[in-house]
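Data first, discussion second: the structure below is written as structure tokens.
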RNA sequence: GGGCGAUUAGCUCAGCUGGGAGAGCGCUACCCUUACAAGGUAGAUGUCGGCGGUUCGAUCCCGUCAUCGCCCACCA
């Protein structure tokens, strides 16, 4: 059968994914390791399209899962999807607006929710197909959506228990109000961005006096809600005014002048207007001084009746109007440019207005403390460890979590109020009557919970909690705590911290033993990939062009303990070439497979021991680096082995045997090739599942199952052959020397040469004699003579010196002696420089006294080898010069 | 303002507990050599950000400065 010259990723990908999925290969099964390994996939948004961040998520998680599955762990990779409250509702609102010209308020809540579900059915979850294209191997039967009734059950259960414990409470507070979404959002959802603004200086008159207080503000329109003027009680300039009244311009409100240490005498003018209704700090001052809190805004951000003539106008218009009026009143002072940080909603990108409103809060104080302790005690470990700081920094100063959102799409808050007696209580089930007065008219709180509330429960709600039957079906006891959480650092606060708190609170057990924080994917210039910059690389495009394996390998090779992964599509092309290289290595060995024994032969020669030993080293390193999430190391180890050992040398030195007549040798070599190539495929499989499964199907014995469930290679001490590795390095040096000489004297690669090699290294001499056929083949030589160093050096020749050999290429006709001498002198210089490095150390008494023996010995050995090389070069130079 | 991180070949980055620096891509020259031109062979390139210190020895440890990035806090 003739295989095509290039690997066709598309046909392999669709073929194997279906076989794996239909064959239930993704399902957890008890394996030889006898231990569970579980990863809960961070649920992508139902509105999501696969981007490179997801692709990286999938790649690293799936590599771990496939690795552990092959090692015989009972692996669960649990997929899911997030309802993404705000994003989804916004998407559907936009669609309805476009198609029907209506807003959500033109529908009842039930009607609109029905539209969202309909949207979800039609358009949601495209990302699932995209995850499959990446080759993700989760057990799809475990799939869960955060709005499924099972998830809702968990949400209600947790909410009610926290409510009954008094940790969830309702309060009138200043919250971050998103005027576009018309909902409160949590502190974590506010992004601070630098904005160019202005400092407006305003004069406030002091009542019954001629004094005018100059006050600086960036938001002059908020003066309509001022309820005090504050100065620092230690401020000699103003503290005598404390207790007097000031008059707020325009609205002419009389407000007290108060003293508060919060006021910074250096900042601004040293006087502060206090607006408790629209500033977090002012709100605190207001509480301390029992000030009135005035709300001047409507929920859409426009001014309310306190806005006077600007009622129903935007804050922007109001600001203009207020300034103009102040100018007319001659109460406007300097205006200075000012750069400051302003909070924006991370979804809507609009300026966040602090607004007083009644919201549900969760007191996280104790939960946060436990979450901190668990990490301090290593119950959960971060990789890389540095990210613990980010986690701690948030949890050590926790603010109560604003849980309620004024949206429709989400888990409705399970708090009920009796319309008759006003009793308020929380209940997991929708109650039919009031527990106190039995009245049947009951209202449920209209708000829904922050999306992250249900996400916080994800590690256990997906495993069936709280229903005992479901928990046993889903093997809760086996898989909780989960083994690893893989995610990006941007959601350590949002998600990791919340899962930790919720897991510890509800189950007394951490939700995951390890957290691997991977890099953020950026473009090749290190910029964040974004739609507006147009610098995004679409994973699906890349799969289309280069194949899923190439994309996965690129992402894995770029993933270690780094915080940025700058991705260039050229790198993906590079790894596509690597995948193709594997394909062609297979094309080479394939015709000889029939001769191969399924087992490793008892007899092994130099090169066979060498390749097995190299493979063994790589196997060891890959196993180790995978455990530490150093995918970059794993990938470069395998890459180097495949290219530089297996393809460049082992296949090359095998050609003369495979094309030769010695049947026994042929079988032996074919067996080793097959054995080692199968191991390579297994090592590669976690990163490049498709091509490896494809090639495995040609290589496997009939009794063997698919590669996805084969044993992962393990280190085997009986396959360590150090001496063969050393000798092979010398062998490679000789070949390289020949190629070098050929290039130096401009002899084409096809011209067969005769060479003479001189060496005093007895094992190497034997080795070179054993392998003359290989040498001839690779070096394009017609003859090779191996001799003891010393006499008989050929006269008319060019030569090169390696660690243990002198390689001579005798030349007929005239050779350019000067050229040859020049080359040798260059080599001499280089070697001398290197030698002196070591020689100086050996002369250094302090070094000899202080350095550890092993270092001294190594230096001695290097010096000896270089000294011999120097001697050889000098001798040969003398000959050429004479 | 507080914290974290980075600075190594043209680009992207490795470099584990200190023993004289590596990879991939790119570049140059020569090769369509019977697995692979998505390939092969040979090659060039670094004051390891600056300055001090510890040490026999520093890319690695300490101090300091510079530049860049991120997170948190702060709408006077």
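Taken together, the values in this text are just the output of simple stated rules run on the coordinates, not laboratory data. All values derive from a computational prediction rather than experimental measurement. Note: ideal-geometry Cβ built from the backbone for every residue, glycine included; neighbour counts use all protein chains shown.
Counting 0.36 nm for each residue step from residue A:796 to residue A:643 and taking away their Cα separation leaves a gain of 51.4 nm.
Quick one: in region A:335-421, what % of C-alpha pairs are over 21 Å apart? All intermediate terms of the calculation are to be shown ahead of the outcome.
On the way: 2226 of 3741 pairs.
Percent of Cα pairs beyond 21 Å in region A:335-421: 60.
Antiparallel beta bridges, as assigned by DSSP with both residues in chain A, represent about 70 percent of the total such bridges.
Could you state the angle between the C-alpha long axis of helix A:606-627 and the longest principal axis of the C-alpha atoms of chain A, as a value from 0 to 90 degrees rounded to the nearest 10? Here the helix axis deviates by roughly 10 degrees.
Global dimensions of chain A from alpha-carbon coordinates: Rg and Dmax equal 37.1, 119 Å. Spin-label pair residue A:292-residue A:743: with each label point 7 Å from Cα along the Cα-Cβ axis, the two points sit 8.8 nm from one another.
Where only DSSP H runs of four or more residues are counted, chain A gives -13500 deg cm²/dmol as its mean residue ellipticity at 222 nm, each run worth -39500 (n - 2.57).
Among A:447, A:701, sorting on how many other beta-carbon atoms sit within 10 Å of each Cβ, with the fewest leading, yields A:701, A:447. A viscosity of 0.890 mPa s and a temperature of 25 °C, combined with the Kirkwood radius over Cα pairs in Stokes-Einstein, give a translational diffusion coefficient for region A:437-587 of 128 µm²/s. Between residue A:593 and residue A:858, the FRET efficiency from the beta-carbon distance, with R0 = 45 Å, is close to 0.55. Helix A:9-22 axis versus longest C-alpha principal axis of chain A: approximately 70°, rounded to the nearest ten.
Each part reduced to its alpha carbon centroid, region A:290-327 and region A:601-643 end up 70 Å apart. For chain A, the relative contact order is 12 percent, taking Cα pairs closer than 8 Å that sit 6 or more residues apart in sequence and dividing their mean separation by the residue count.
For region A:413-460, just say rounded, prolate or oblate: build the C-alpha gyration tensor, square-root its eigenvalues into a ≥ b ≥ c, call rounded for a/c under 1.5, and beyond that prolate if a/b exceeds b/c, oblate if not. Because a/c hits 1.5 or more and a/b exceeds b/c, region A:413-460 counts as prolate. Our note on the geometry: Cα centres of region A:369-409 and region A:35-67, 21 Å apart. Given 4 °C and 1.567 mPa s, how large is the Stokes-Einstein diffusion coefficient of region A:240-361 in µm²/s, with Rh as the Kirkwood radius over Cα pairs? My calculation gives 79 µm²/s for D.
Shape analysis of region A:423-503 places it in the oblate category; the axes a ≥ b ≥ c from the Cα gyration tensor give an a/c of at least 1.5, with a/b not above b/c. Across region A:544-665, the convex hull enclosing all Cα atoms gives 128 Å³ per residue. Average 1/r across all pairs of distinct alpha carbons in region A:617-746, invert it, and you get the Kirkwood radius: 16.8 Å.
Tilt of helix A:631-640 relative to the longest C-alpha principal axis of chain A, in degrees (0 to 90, nearest 10)? On a 0 to 90 degree scale, this one is about 20. Here r is the Cβ-Cβ distance between residue A:252 and residue A:346 and R0 is 35 Å; the resulting FRET efficiency, rounded to 0.05, is 0.35.
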